[in-house]
Amino acid sequence: MISVASAKGIGQSRRHWLWLISAALVAGGLAYGLRLQGQSPTLNLTFSDGAGGQASLADFRGKVVLVNLWATWCAPCRQEMPALDRLQNKLGGPDFQVIALSVDRGGISAVNRFYQDVGVRNLPVFVDLLGTVLQKAEATGLPTTLLFDRNGREIGRFAGPAEWDGPRIEAILKSAIARDGGTKS
């Protein structure tokens, strides 16, 4: 697994993060600050979809999956959501999926209102109605983003906001998709 230190501030550390992303790309890594920790076991995350049905990370096996843990009351989460929506529009399909997984207590209706307010059109609604995902994912704050391979193993993690549809992150994700047997170029 690859883990990343938390971002301290978006504007203040932008050059620092761009350098780290570039270094990771050169090293063939999947995330910013590279620290290889071996292979992670699969994570059994269960949640509700926008219709109130049960879904799980296992439902997305066969795809590289970027799971973003967020809430409507979290300012950095709100700021990065349009970029995640654009990322899903650009890379989403048979090889890749963005799962924006809300931990809001307001449930599905709170996420639907937020999506409508900010114009999110490409991300399905997913909500942790049971309140178990943050603990299972060992997330220490929001937003936290996890990258899973096609077999459901965690291969990357980032704590804090990011420009998810930026060219460097897109290149990292395309590399993960291609390395994991995908068809996207």
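Among the residues of region 61-82, those identified as closer than 25 Å to Arg179 by Cβ, out of contact with any helix residue (DSSP H, G or I) (no Cβ under 8 Å at 6 or more places or on another chain) and surrounded by 18 or more Cβ atoms within 10 Å (Cβ to Cβ) are Lys63, Glu80. Report, by residue number, each residue of region 145-162 that is among the small types (Gly, Ala, Ser) and in a strand (DSSP E or B). Those that are among the small types (Gly, Ala, Ser) and in a strand (DSSP E or B): Gly156, Ala159. Taking Leu142, is it at negative phi and either free of Cβ contacts under 8 Å to residues at least 12 places away in the same chain or assigned to a strand (DSSP E or B) (or both)? Against the criterion (at negative phi and either free of Cβ contacts under 8 Å to residues at least 12 places away in the same chain or assigned to a strand (DSSP E or B) (or both)), Leu142 does not qualify. When Asp165 is tested against (1) within 14 Å of Ala100 (Cβ to Cβ); (2) of a type in the set (Asp, Glu); (3) assigned to a helix (DSSP H, G or I), only condition (3) is not met.
Which residue is nearest to Leu129 (Cα to Cα), if the candidates are limited to region 69-83 and must be of a type in the set (A, V, I, L, M, F, W, C) and part of a loop (DSSP other than H, G, I, E, B)? Spell out how you get there, then give the answer.
In the first step, residues of region 69-83 are kept if they are of a type in the set (A, V, I, L, M, F, W, C); the result is 69-71, 73-75, 77, 81, 83.
The next check asks that each one be part of a loop (DSSP other than H, G, I, E, B); those that pass are 71, 73-74.
Numbers: Ala71: 12, Trp73: 16, Cys74: 17 Å.
Among them, the one singled out is Ala71.
In region 40-54, which residue that is outside any loop (DSSP other than H, G, I, E, B) and not polar (S, T, N, Q) is surrounded by the most Cβ atoms within 10 Å (Cβ to Cβ)? Break it down into steps so the answer makes sense when it comes.
Initial filter on region 40-54 (outside any loop (DSSP other than H, G, I, E, B)): 42, 46-49, 54.
Okay, now just the ones that are also not polar (S, T, N, Q), so 47, 49.
Working: Phe47: 21, Asp49: 14.
Applying the filter and picking the extreme gives Phe47.
Of the residues making up region 84-97, those that are touching a residue at least 40 places away in the same chain (Cβ under 8 Å) and either touching a strand residue (DSSP E or B) at 6+ places or on another chain (Cβ under 7 Å) or acidic (Asp, Glu) (or both) are Leu84, Leu87, Asp95, Phe96. Checked against (1) modelled with pLDDT of 90 or more; (2) part of a loop (DSSP other than H, G, I, E, B); (3) surrounded by 13 or more Cβ atoms within 10 Å (Cβ to Cβ), Gln88 passes all but a single condition, namely (2).
Report, by residue number, each residue of region 55-68 that is more than 14 Å from Gly156 (Cα to Cα) and in a strand (DSSP E or B).
Of everything in region 55-68, those that are more than 14 Å from Gly156 (Cα to Cα) and in a strand (DSSP E or B) turn out to be Ala55, Ser56.
Considering region 119-147, the residues that are out of contact with any strand residue (DSSP E or B) (no Cβ under 9 Å at 6 or more places or on another chain) and farther than 15 Å from Trp70 by Cα include one that is surrounded by the most Cβ atoms within 10 Å (Cβ to Cβ), namely Arg121.
The values are calculated or read from the model by the stated rules, or taken from the named source; none is laboratory data. All of these numbers come straight from a predicted model, not from anything done at the bench. Glycine gets a Cβ as well: all are built from the backbone with ideal geometry, and neighbour counts include every protein chain shown.
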